[in-house]
Every structure is written in structure tokens, then in C-alpha cells.
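Novice: To start, I am sharing the structure in question, which I have written as C-alpha cells.
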Amino acid sequence: MKLNADGSKLALGFESGKVSVFDINKPSCITLLKESTVHESVVTDVIWSSDGKYLKTISKDNLVYLEVQG
């Protein structure tokens, strides 16, 4: 689980290989921005780009770059 640099987006990686990204800019209205199963095994880390537009997800099976809208 990681916040982007300005704290407006939260990325979560799951044991199933799924990655979810939420807009948490307004805590009273949390919005799902992206959700995808990009790995076949547990997501071990998520790393935001400095501009918050991209997310690198890491698993034992591979490394994936995701573009995040919002």
C-alpha cells in the first residue's frame, strides 16, 4: 500500500495479483480509478512515479507499469 507524492491517490497490491488505485483526495468520496489483475502471484511492492501518473507494480512473476488516470 502506497500513497502518491501529493497524498491524493492510494495504490493497493493484493495476494491475488490484483492492483487497485483509489482517488482519496476527498475522504468522504473515495473513488476507484483503476483495478486490474496484472500478476499471477502476490504483489510485493507498488512504486509511484514522481508525477503520480504511473505506478510500477512488482511481483515474483514480473514487473508491470500502469498508467493511472485521474
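Novice: Can you tell me how many residues within the range 38-53 are in contact with a strand residue (DSSP E or B) (Cβ under 9 Å, 6 or more places away or on another chain), under 15 Å from residue 4 (Cα atoms) and part of a loop (DSSP other than H, G, I, E, B)?
Specialist: Selection size over the range 38-53: 3.
Novice: Still on this model: Looking for something hydrophobic (A, V, I, L, M, F, W, C) and either open to solvent by 80 Å² or more (accessible area, probe 1.4 Å) or farther than 17 Å from residue 3 by Cα (or both) - is there at least one such residue anywhere in the range 54-68?
Specialist: Yes, the range 54-68 contains a residue that is hydrophobic (A, V, I, L, M, F, W, C) and either open to solvent by 80 Å² or more (accessible area, probe 1.4 Å) or farther than 17 Å from residue 3 by Cα (or both).
Novice: Could you tell me which residue of the range 54-64 is nearest to the chain's Cα centre (by Cα), considering only residues that are modelled with pLDDT under 90 and assigned to a strand (DSSP E or B)?
Specialist: 64
Novice: Let me confirm something: among 40, 35, 67, which residue is among the acidic types (Asp, Glu) and under 9 Å from the mean Cα position of the chain (by Cα)?
Specialist: 35
Novice: Step by step: first the residues of the range 2-24, then only those that are open to solvent by 80 Å² or more (accessible area, probe 1.4 Å), touching a strand residue (DSSP E or B) at 6+ places or on another chain (Cβ under 9 Å) and not in a strand (DSSP E or B), then the one that is farthest from residue 38 (Cα to Cα). Which residue is that?
Specialist: Filtering first and then ranking leaves 5.
Novice: Hey, another quick one. Could you list, ordered by first residue, the pairs with Cβ atoms under 9 Å in which the first is in the range 34-57 and over 13 Å from residue 21 (Cα atoms) and the second is acidic (Asp, Glu) and open to solvent by less than 70 Å² (accessible area, probe 1.4 Å), at least 6 apart or interchain?
Specialist: 39/61; 40/61; 41/61
Novice: Regarding residue 35, is this residue open to solvent by 90 Å² or more (accessible area, probe 1.4 Å), touching a strand residue (DSSP E or B) at 6+ places or on another chain (Cβ under 8 Å), part of a strand (DSSP E or B) and not hydroxyl-bearing (Ser, Thr, Tyr)?
Specialist: Yes: the conditions hold for residue 35.
The values are calculated or read from the model by the stated rules, or taken from the named source; none is laboratory data. Given the structure is predicted, the values throughout are model-derived calculations rather than measurements. Note that we place each Cβ from the backbone using ideal geometry, even for glycine, and neighbour counts take in every protein chain shown. Note: areas computed on protein heavy atoms with side chains; ligands, DNA, RNA excluded. Shrake-Rupley method; radii C 1.70, N 1.55, O 1.52, S 1.80 Å.
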